[in-house]
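Novice: The structure follows.
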Amino acid sequence: MSRTIQFLTLIVLMTLLIGCLIIPANPIFWLATATPTYTLVRAILIVLVYSFMVFGVPQYKFIRRTIAALSLALLGWALATTYNESIQLLDGLSIAAAGISLALSAIEPDYASRAEENWDVITSPIRPHVRLFGRRAAYYALVAFMLFDMMGRNVSPSHIRQVLS
């Protein structure tokens, strides 16, 4: 989900950056500032969002929490200054979108490593039987084990051996 939000944020930031550089007098960009400061801010946010989308966030918890805190502070600053009319509306919304996407990418857990760990836990009862009976029979036994477990029956390793034989 965070990759979709990052991609949409990149589209918004790049549209504002290119539009304010090429056609700043267009009525669409009247709600955005074409000053070099905001151009630099947009370029930095594009680089940050793109790097998080391509490379991901570092795995160290301290760095992830720091990134999340800084991006939430950026979000709060963008919303407060937009509400106070200190910056233009499209600038504030684009900076808020960047803050949201960076915070989500920092907060979102790594599901691939968790799925791998869960798969190791799930398949641990059948690993010894894979060598004896083959992979397919061991997986059938695992499915039978799960079905018996869902039905509320007590399943022991002897039941698994009976299913495999």
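Novice: If I ask for residues that are of a type outside the set (Asp, Glu) and in a loop (DSSP other than H, G, I, E, B), which ones from segment 71-101 would you list?
Specialist: Going through segment 71-101, the residues of a type outside the set (Asp, Glu) turn out to be 71-84, 86-90, 92-101.
Selection gives Asn84, Ser86, Ile87, Gln88.
Novice: If you don't mind, there's one more thing I want to ask. Pairs under 8 Å by beta carbon, first residue closer than 17 Å to Leu93 by Cα and without any contact (Cβ under 8 Å) to a residue 60 or more places away in the chain in segment 14-33, partner in a helix (DSSP H, G or I) and among the β-branched types (Val, Ile, Thr), six or more apart or different chains?
Specialist: Filtered contacts from segment 14-33: Met14/Ile46; Leu17/Thr39; Leu17/Ile46; Gly19/Ile28; Cys20/Thr39.
Novice: Next up: Yes or no: segment 10-32 includes at least one residue that is within 15 Å of the chain's Cα centre (by Cα) and not in a helix (DSSP H, G or I).
Specialist: No, segment 10-32 contains no residue that is within 15 Å of the chain's Cα centre (by Cα) and not in a helix (DSSP H, G or I).
Novice: For Phe7, state whether it is in a helix (DSSP H, G or I), out of contact with any Cys (no Cβ under 8 Å at 6 or more places or on another chain) and closer than 13 Å to Leu102 by Cα.
Specialist: Numbers: in a helix (DSSP H, G or I): yes; out of contact with any Cys (no Cβ under 8 Å at 6 or more places or on another chain): yes; closer than 13 Å to Leu102 by Cα: yes.
So Phe7 fits the description; yes.
Novice: Something else about it: Only one residue in Val41, Val57 is of a type in the set (Val, Ile, Thr), within 20 Å of Leu10 (Cα to Cα) and in a helix (DSSP H, G or I). Which one?
Specialist: Working: Val57 fails: in a helix (DSSP H, G or I).
Answer to the selection: Val41.
Novice: Kindly establish whether Ala68 is in a helix (DSSP H, G or I) and within 13 Å of the chain's Cα centre (by Cα). Show your work before the answer.
Specialist: Working: in a helix (DSSP H, G or I): yes; within 13 Å of the chain's Cα centre (by Cα): yes.
Considered against the rule, which asks whether it is in a helix (DSSP H, G or I) and within 13 Å of the chain's Cα centre (by Cα), Ala68 comes out as yes.
Since every read-out is calculated from the coordinates, none of them should be taken as a lab result. Keep in mind that this is a model prediction, so the values were computed, not measured. We place every Cβ from the backbone using ideal geometry, glycine too, and count neighbours over all the protein chains shown.
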